[in-house]
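Read through the structure below, which is laid out as structure tokens, and then see the notes.
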Amino acid sequence: MSRTKLIGWSAFGVCLLGYGGAVAAAVLMKTGRLEMHEALLWGGPAAIVGEIGLWVAAATLGWTIFKRRKALIDRLFGRKPREV
């Protein structure tokens, strides 16, 4: 696995953990286990971590798909592959 893909999938894992923490804080608040203030203290930063992970994963995994597609188009039309 390339380094870019490894970064992308790791960021996607961070995304899942962040959003999972935000959802867990919301559920615990709804069930009465956490007060609103505590839920915001835990859920807010977790949601931000999830959002950052989502953007990094989308950027890195999207870039690997773009490079592969560009290489396929270059081969199809008989062009020299570009250096990226």
Can you pull out the trypsin sites (Lys or Arg not before Pro) in the chain that DSSP calls coil and that have at most 13 other Cβ atoms within 10 Å?
33, 79, 82
Sorting 56, 29, 76 by the position of each Cα along the dipole of the chain (Lys, Arg +1; Asp, Glu -1; all at Cβ), the one nearest the positive end of that ordering is 76
Those GluC sites (Glu not before Pro) in the chain that DSSP places in a loop and that have at most 15 other beta carbons within 10 Å
35, 83
Per residue and in cubic angstrom, what volume does the convex hull of the Cα atoms of the stretch 3-77 have?
70 Å³
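Here, each number is a calculation from the coordinates, and none is a lab measurement. Predicted model, so just to flag it, every value in this text is computed and none were measured. Using ideal geometry, Cβ is built from the backbone for each residue, glycine included, and neighbour counts are taken over all protein chains shown.
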